[in-house]
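Notes to accompany the following structure.
Rule-based calculations on the coordinates, nothing more; no lab input. Keep in mind that this is a model prediction, so the values were computed, not measured. Because the Cβ atoms are built from the backbone with ideal geometry, glycine has one as well, and the counts that use them run over all protein chains shown.
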Number of protein chains: 4
Amino acid sequence: MATHRFTPTAYHNVIGSLPPALHIADGDTVITETLDAAGYDKGGIQRASGPNPMNGPIFVEGAERGDSLKVEILGMVPTRDTGFTRSVVAGNVVEPEDVRTLPPGNRANWQIDRQALSARLAEPVAGLESFVLPLTPMIGCFGVAPSLGQAISTATSGEFGGNMDYRLLGPGTTIWFPVSAPGALFFLGDCHAVQGDGEIVGTGIETTFEVTVRLSVEKKKIIWPRGETADDIFTIGNARPLDQALQHATSEMLRWLASDYGLDKTAASHLLGQVVRYDVGNVFDPAYTMACRVSKAWLQRR
Amino acid sequence: MATHRFTPTAYHNVIGSLPPALHIADGDTVITETLDAAGYDKGGIQRASGPNPMNGPIFVEGAERGDSLKVEILGMVPTRDTGFTRSVVAGNVVEPEDVRTLPPGNRANWQIDRQALSARLAEPVAGLESFVLPLTPMIGCFGVAPSLGQAISTATSGEFGGNMDYRLLGPGTTIWFPVSAPGALFFLGDCHAVQGDGEIVGTGIETTFEVTVRLSVEKKKIIWPRGETADDIFTIGNARPLDQALQHATSEMLRWLASDYGLDKTAASHLLGQVVRYDVGNVFDPAYTMACRVSKAWLQRR
Amino acid sequence: MATHRFTPTAYHNVIGSLPPALHIADGDTVITETLDAAGYDKGGIQRASGPNPMNGPIFVEGAERGDSLKVEILGMVPTRDTGFTRSVVAGNVVEPEDVRTLPPGNRANWQIDRQALSARLAEPVAGLESFVLPLTPMIGCFGVAPSLGQAISTATSGEFGGNMDYRLLGPGTTIWFPVSAPGALFFLGDCHAVQGDGEIVGTGIETTFEVTVRLSVEKKKIIWPRGETADDIFTIGNARPLDQALQHATSEMLRWLASDYGLDKTAASHLLGQVVRYDVGNVFDPAYTMACRVSKAWLQRR
Amino acid sequence: MATHRFTPTAYHNVIGSLPPALHIADGDTVITETLDAAGYDKGGIQRASGPNPMNGPIFVEGAERGDSLKVEILGMVPTRDTGFTRSVVAGNVVEPEDVRTLPPGNRANWQIDRQALSARLAEPVAGLESFVLPLTPMIGCFGVAPSLGQAISTATSGEFGGNMDYRLLGPGTTIWFPVSAPGALFFLGDCHAVQGDGEIVGTGIETTFEVTVRLSVEKKKIIWPRGETADDIFTIGNARPLDQALQHATSEMLRWLASDYGLDKTAASHLLGQVVRYDVGNVFDPAYTMACRVSKAWLQRR
C-alpha cells in the first residue's frame, strides 16, 4: 500500500467524470496540498479560481459503481499563516426582514499560528479582543464523481459528497462515499482551519493545508455518505430545506443500523428516538447538510 | 421569596390566557408534580387527556407585557417507575417513499430505575438487550400565555415557548420567555426522562416528575425564548421548516449579543461563524425547534 | 331559514371558543359589515385594532364536533371608497440577499369606484398610470373555532380556516370548515377588494364590505377546508413551507375524491396527475396557504 | 435563417458542456424528434436509457456567456399512439403518514388519438370511464449548458433550465435561458402530451414528439429562465422548498419589470401584489419549479 505525493497541475470547480490526474491502488495513501476556497496557494499565489478548486480526480483501482469509497482523513497540516472569512452572516440564516439590517459582507483576514495551532482576526474587532480559536481543521468539499456522468459545482453537494462543510470531517474521521463511476474519481479541497455549525458566514477560516488521506474500496452499496469518528457513527444528507437533508440522513442511518448492527426499524427507532444527535453541516450552500449521529457506545457491530 | 407546592385541580391542553390557578410573587419557587403526556399521574391514574396536559397557569406578580419571565429549572425528580415511547420514527423524518416500509407505531413501555437514575425497555428488543439509558430529565412543554389572548395547543410551540422538546431544557438550565399577558401565566408539563434530538419517535420517555422552578420577572424585551446552561447561552426558534426555526434563533442570538455582550453584527458574525452550535429540538410537532447555542467561554457579559 | 343582520359590538383578533355574539339556526343567512384589516369601519373610524378584527363568533345550532360548517358566500358589497395596501413585497418572497434592495414598506392608499367596481392607486406611481383594477372581492380571514378550546391569532391559519388570503374565496364560492366546538363558532373579516396570488405585499386592497353568507351544518367529517366554485372543487392546506401546505391540500383532495366521487387512490392519481391545479393562497402569513383544485368537468358526484 | 432537421445519433442524461451535435446560426429553426422519458422512440424501440434522454447539444453561433438564448416553441406534433404515466401520486405530495396508504406505483399506458388530439387510459379505471383529455403538449426538460462546465442530470433543474415540467412550456410559448457556455449548448427532450400542475405522479403522459424550435441569441443578461405566452410573461425558479423556487421567480420578475417595463420596486410591488399569478411547475423532481406570471394586459414594454 503505497503513499503518493500528489501535486495537481490543474484544479477543478466541479466534481465529476473528468480525466484522472492520479491512479492509485486500493488502500493507498495520498498526501496533497490544497488551495484555499478562492484558489490561492500557501504562498499567496492564485493558482485557480473559485469556487472551491479541487485536487483530483484520483482514480482508485477496483472501485466500481455500487461500491463505497472509504476515505480515512489521516492528517491535515496547515501550510499558511493567513486565512480569510466573510464578515457577516448570510441573508438566509436570519429572519427575512432582518436582512435589511445586515452590513455589507467583506473579506476578513485571520492570522494562523501554526505553532500554537490557533487563529485570530488580523484586525481587532470591538468585543472580540481576546478571541483566539484553537484550530479544528476540516475538509469543506470532497467526494466522488456523481452518477450519470454528471459534473457538479463545488459550491454544492449531493449523494456523492461535495461542499458539505461539516465540522466533523477532519483528522481522525473516516467517511464513505457511494461510487458511481469506475475508479470512484475522488476530489478534495476547500479546507477550513475552524468553522462553526452551518458555515453561516459562508466560509470557515479558509486557508491551505497539506492533507493526508487513505482511500480504500469497499464492496458495499450505500446511498448517502456515512462516517465514523472515534466516538460516533454518522450519516449525511444534503438537500434543502434542512428537513429534507435530515430525512436523507435518517433514512441512511436506518439502512446502516439494519445491515451492520442487526437493528430492525423498531429497534433502530428505540435507539435513535432516545440517543440520536443531529448536526448542522452547512446552511449556506445551495444544498444544506445535516448529519445524523449515534454514539458507538450504544452499538455493537455484527 | 416563598416556595409554593402547587397541586393542580385541572389541567390544560392549551397555553393561553386562562384564569390563574396560582398567584406567586416575583422570585418565588414552585414545586409541582406533572402528569405524563397522555394525562396519567404517578399512580397510573388518568387525570386529564392528551396532548401534554399542563399544570398552570401561574400568575407571577409584576410581570407585564414586554417583560421576560425567567424560569430556573431547579430540579426534576422522577415520580414513577414506568414511562412510554412510540415505537417507530415519524413519517416526516425519513425519505417520503420510505414511509411505506415503516412498521405501525405502537406504544412501548419502559422501566425507570429511580435509584440508579436509568431507563430500559420493559420488553426485550433484539439488538438492544443492553440498552440502559441514564436519565436526562427535561421539560417537553412549557411557556407563557401568547399574545392577543391566544390559547394555543400544547402540541405545538411559538414565540411563547410551548412544546419545544429540546433536550437541554432540564435541571440547571434557565430559560426566559417573552411575556405577553399580565402575570405572564406560566404553564408546564410533558416531562421526559430521556430524549434524543428531534423527538423523532414523537415522544421522549414520557413519565411523571416533581419539578421545581423559580420564576422571576425581568424588565427586558425579548422576542424568542433565550436560555443558559452552565456552559452555554442559547436562543430558540420554533417554526417549519427547520430553516425558518434556525432563522428565528439566529436573529434572536444577534439581538442578544448586541444588547448584552456589546457585539455589533460584524463582531457577532465573526463569533457565530466560527463557534456557533445548532441543536435540533423537535422535528415532530407542528412547529419544529432549533436552538442557536454559544459557549460562554467566548463571551464577556457587559 | 331566517336572515340576520349582525352588527358586532366587539371584534376579535383571535378565532376561538369565545362567547357567541349571535345564535342562528342551521341554514340561516347572515348579513354583516366588516372592518378593514386595521380595524377601521366604512366611515373611517377605528373600531378595533389589528390584526384582522373579526365579526363573530356566530353559533350555528346543531353544529357538533366532527361536522362540517358549510359557508356559502352569497354576496360582498364594498362599503367604502378607499382601501390600502403595503407598498413593497415582503422580505420572504424574494431571494434573501435581495431584501437589502427593497425600499421600506409604507402604506399606499387606493380609490375604490363602487359604481364601476374598480380600484386605482390614490397617488400616481410612475409606470402604473393606467393601472385600474376590476374589483374581485374575497374574504381574507374566516373560519370556525379550532380544536381543544384554542384561540388562534387572525394573523395565521390552520385546519379551522383563518387568515388564508386565497383569491377564490369570494362571492359564489362555498367553503366547508371542520367543526371542533359546539355551534361551530364562525368568525369572518379582513375582506379584500383585490388580491394577487400569495398576498406578497402582505395585504390585498384592504377595505370594508357588507358580506352575506349562508351557514349550514353538514354531518360529515373533514380535516382541512374544502370549497366549490361554479367550475371547480378545491381543498386547502395551511402550513409552512408551501410544500407542506400542498401535502395537506392533496391528502384532503384524495379523501374527498374517495368518499364523494368513488375514486380510489389510483383513479384519483390518474385524475390529479393530469388535471390538478395548485393555487397559492398566501405566502406572507405565519402559515402559507395552498389550494388543490380540480375542474368539475372531470367529476361525477356519486 | 435556415431550418435544420436534427436527428441525434446519441442522447444524453445530463445537460452540460458536451461536444455539440449540431451547429446552427443565430435565428435558425430546428426540427427534431424526441424520445420519451424512458428512452423509447416513436416506433417503440429503446434508443437510450432514462432519465429523460436529451437531443443535443445544439451550438448556436454567437451565443456567449452572459447572453440569453431565446427559444420559441413553434410546434409540437405527437408521433406515437401510446404514452405512459406512473399510476400513483408521489410520496412527497401527501401528508407523510398517508404514504403508508398509497398503492405501489406502476406504469399505466395511455392511448393517444393523434387525429382528435386527445388521450385516454388504455385500460379502464373505475370512475374514470369517460376520462378523455385534450392534448396539451409541453416540453418537460430543456435548457442550456450550466456554468462552470457542469453537467447536470436531466432529472433535475436549475438556473440553466432542465427538468422543470411546467405546463405552459408548450407551442406558442417563448422561453429565455441564461447562457453560460459558448454556443449556449441547447438540449431538449422529455415531452408530455398532457400534465397537471406539479407533475405529482412523477410523469405527464410521456410520449414522443416532433418538436420545432427557433433559437436566437439576445445580448441580455438574465439569471433565471423567463418566458412569454400570448397572454402573459413569466419567470421560473427551480429549487426546494417551493418557497425558495418562488423567491427566485419573484426576484427575477422584479429585475425584468425594472429593466424592460420601467417599474421600480415599489411600482412592481403594487403590480405584483394585486395581479401576480404563481404556477406550480413540478413538485416531484429534486428541484421544484415555481413560475411567477403576469398578464401582459397590465404591462407596457418600454
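What is the Cα coordinate range of the protein assembly as shown on the first, second and third principal axes, sorted by size from largest, in whole angstrom?
The Cα atoms of the protein assembly as shown stretch 75, 73, 57 Å along their principal axes.
Please arrange C:F6, A:F59 by how many other C-beta atoms lie within 10 Å of their C-beta, fewest to most. Please report the intermediate quantities before stating the final value.
Details: C:F6 17, A:F59 20.
Sorted ascending by nearby Cβ count, the order is C:F6, A:F59.
Measuring label to label, 7 Å along Cα→Cβ, what does B:E64 give against each other copy in nm, shortest first?
4.9, 6.7, 7.7
Grab the DSSP H runs of chain D that are 4 residues or longer, score each as -39,500 (n - 2.57), total them, divide by all residues and round the 222 nm result to the nearest 500 deg cm²/dmol.
-3500 deg cm²/dmol
Which value, in debye to the nearest 20, describes the size of the charge dipole of the protein assembly as shown about its Cα centre when Lys and Arg Cβ atoms bear +1, Asp and Glu Cβ atoms bear -1, and nothing else is charged?
Charge dipole of the protein assembly as shown: 0 debye, to the nearest 20.
If you take the Cα Rg of the range C:175-225 and divide it by 2.2 N^0.38 Å, with N the number of residues, what do you get?
1.45
Taking only C-alpha pairs under 8 Å that are 6+ residues apart, what is the relative contact order of chain D in percent? Intermediate values should be presented prior to the final figure.
Details: 844 pairs, mean separation 70.6, N = 302.
Relative contact order, chain D: 23 percent.
Packing-wise, with mean Cβ within 10 Å as the measure, how do A:122-130, A:141-149 rank, highest first?
A:141-149, A:122-130
Can you list residues from other chains, or at least 5 along the same chain, whose modelled amide H is less than 5 Å from the amide H of C:S118?
C:D113, C:L135
Which residue in chain C puts its Cβ closest to the axis that rotates chain C onto chain A, and at what distance in whole Å?
C:V99, 2
Summing Lys, Arg as +1 and Asp, Glu as -1, what charge do residues with Cβ under 11 Å from the Cβ of A:G227 carry, A:G227 excluded?
-2
Given springs between every Cα pair under 10 Å in a Gaussian network model of chain D, which of D:V89, D:V71, D:V280 has the largest fluctuation?
Result: D:V89 has the largest fluctuation of those listed.
Would you grab the residues whose amide H sits under 5 Å from the one on A:Y40? Only those 5+ places off in sequence or on another chain, please, with H modelled 1.01 Å from N.
A:R47
For chain B, set up a Gaussian network in which alpha carbons nearer than 10 Å are linked by springs, and say which option among B:K265, B:K219, B:K42 fluctuates the most.
With Cα springs under 10 Å in chain B, the top fluctuation among B:K265, B:K219, B:K42 is at B:K265.
Semi-axes of the equivalent ellipsoid for the range A:226-298, please: Cα gyration tensor eigenvalues, times 5, square-rooted, ordered largest first, whole Å. Each step should come with its number before you reach the end.
On the way: eigenvalues 92, 32, 19 Å².
So the equivalent ellipsoid measures 21, 13, 10 Å along its semi-axes.
How shielded is C:98-111 by partner chains, expressed as the average number of their Cβ atoms within 10 Å of its Cβ atoms?
Counting Cβ atoms of other protein chains within 10 Å of each residue's Cβ and averaging gives 4.
Relative to the other copies, what are the label-point distances for B:G75, with labels 7 Å from Cα along the C-beta vector, expressed in nm at one decimal and sorted shortest first?
In ascending order, 5.4, 6.9, 8.7 nm.
Rounded to the nearest 0.05, what FRET efficiency do C:T3 and B:S49 have when you use their Cβ-Cβ distance and R0 = 41 Å?
My answer for the efficiency is 0.55.
Round to the nearest 0.05 the FRET efficiency obtained for D:N106 and B:E123 when R0 = 30 Å and r is the Cβ-Cβ distance.
For R0 = 30 Å, the calculated efficiency reads 0.15.
Please rank A:W110, B:W224, fewest neighbouring Cβ atoms within 10 Å first, as an exposure proxy. Before the final figure, lay out the partial values.
Numbers: A:W110 22, B:W224 26.
Ranking A:W110, B:W224 by Cβ neighbours within 10 Å, fewest first, gives A:W110, B:W224.
Sorted from shortest, what are the nm distances separating the label point of A:P124 from equivalent points in the other copies, each placed 7 Å from Cα along Cα to C-beta?
The answer, with the shortest distance listed first, is 5.8, 6.7, 8.8 nm.
Looking at this model, which pairs from A:K265/B:K42; A:K221/A:K265; C:K70/C:K221; A:K220/A:K265 are more than 23 angstrom apart at the alpha-carbon? Intermediate values should be presented prior to the final figure.
Numbers: A:K265/B:K42 31 Å; A:K221/A:K265 19 Å; C:K70/C:K221 12 Å; A:K220/A:K265 20 Å.
Going by Cα-Cα distance, A:K265/B:K42 fall outside the 23 Å limit.
Could you line up D:V88, D:V179 from fewest to most neighbouring Cβ atoms inside 10 Å?
Final ranking by Cβ density, sparse to dense: D:V88, D:V179.
Quick check for me: using +1 on Lys/Arg Cβ and -1 on Asp/Glu Cβ, what's the dipole size of chain D about its Cα centre, in debye to the nearest 20? Can you show the working numbers first?
Values: 25 positive and 33 negative charges, 104 e Å.
So the dipole magnitude of chain D works out to roughly 500 debye.
Provide the convex hull volume over Cα atoms per residue for chain B, in Å³. Mind showing how you got there, number by number?
Working: hull volume 42.7 nm³, N = 302.
Per residue, the Cα convex hull of chain B comes to 141 Å³.
Please state the relative contact order of the range B:206-302 as a whole percent: Cα pairs under 8 Å, 6+ residues apart?
Worked out over the range B:206-302, it gives 31 percent.
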